[in-house]
Amino acid sequence: MYNDNEIPRQWYQERARETKASFNLAIGLAATTAIFGLVAAGSLFLSNVSATAATTAAGIVSGVASRRAFKLYEQASQSFDDAAKVLLDN
């Protein structure tokens with residue numbers, strides 16, 4: 001069946017996978033925010049939207065996405081650190 005080291009190793013690997021997925025999500029949201037900012041800037045230069053609307057939209061999207069993305073990454077990273085501590089203590 002399982003030996004004593006198998007379950008902690010699988011648990012650690014799952015925490016590592018979750019942390020990596022959260023980091024990738026954070027990077028994806030940051031990239032999406034950057035693309036949105038470029039689209040807003042392009043719309044501004046093409047006079048499709050006002051400067052106020054473009055700046056406001058880019059600021060709101062950037063702020064919300066950045067906070068959420070890095071909050072997710074921080075939580076996953078902390079969970080991974082906790083998992084490592086538990087495994088090292090055992």
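The values are calculated or read from the model by the stated rules, or taken from the named source; none is laboratory data. Fair warning: this is a prediction, and the values are worked out from it, not measured in the lab. Cβ placement follows ideal geometry from the backbone for every residue including glycine, while neighbour counts extend to all protein chains displayed. We work out accessible area using only protein heavy atoms, side chains counted, and drop any ligands, DNA or RNA first. Shrake-Rupley method; radii C 1.70, N 1.55, O 1.52, S 1.80 Å.
Numbers at a glance
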quantity	calculated
In degrees, nearest ten, helix 51-89 long axis to first principal axis of the chain (Cα)	10
Helix 6-45 vs. the chain, principal-axis angle (Cα, 0 to 90°, nearest 10)	0
Distance (nanometres) between label positions extended 7 Å along Cα→Cβ at residue 36 and residue 82	2.9
Relative contact order (%) - the range 17-80, alpha-carbon pairs under 8 angstrom, separation at least six	55
Student exercise, the chain dipole from Lys, Arg, Asp, Glu Cβ charges, in Debye to nearest 20	380
Accessible area (Å², 1.4 Å probe, nearest 10) - residue 46	130
For the range 1-85, alpha-carbon Rg over 2.2 N^0.38 Å	1.64
Estimated dipole of the range 40-90 in Debye, rounded to 20 [Cβ of Lys and Arg +1, of Asp and Glu -1, Cα centre]	260
71, 20, reordered so the largest accessible area comes first (probe 1.4 Å)	20, 71
Extreme residue, positive dipole direction of the chain, given options 56, 46, 24 (C-beta unit charges)	46
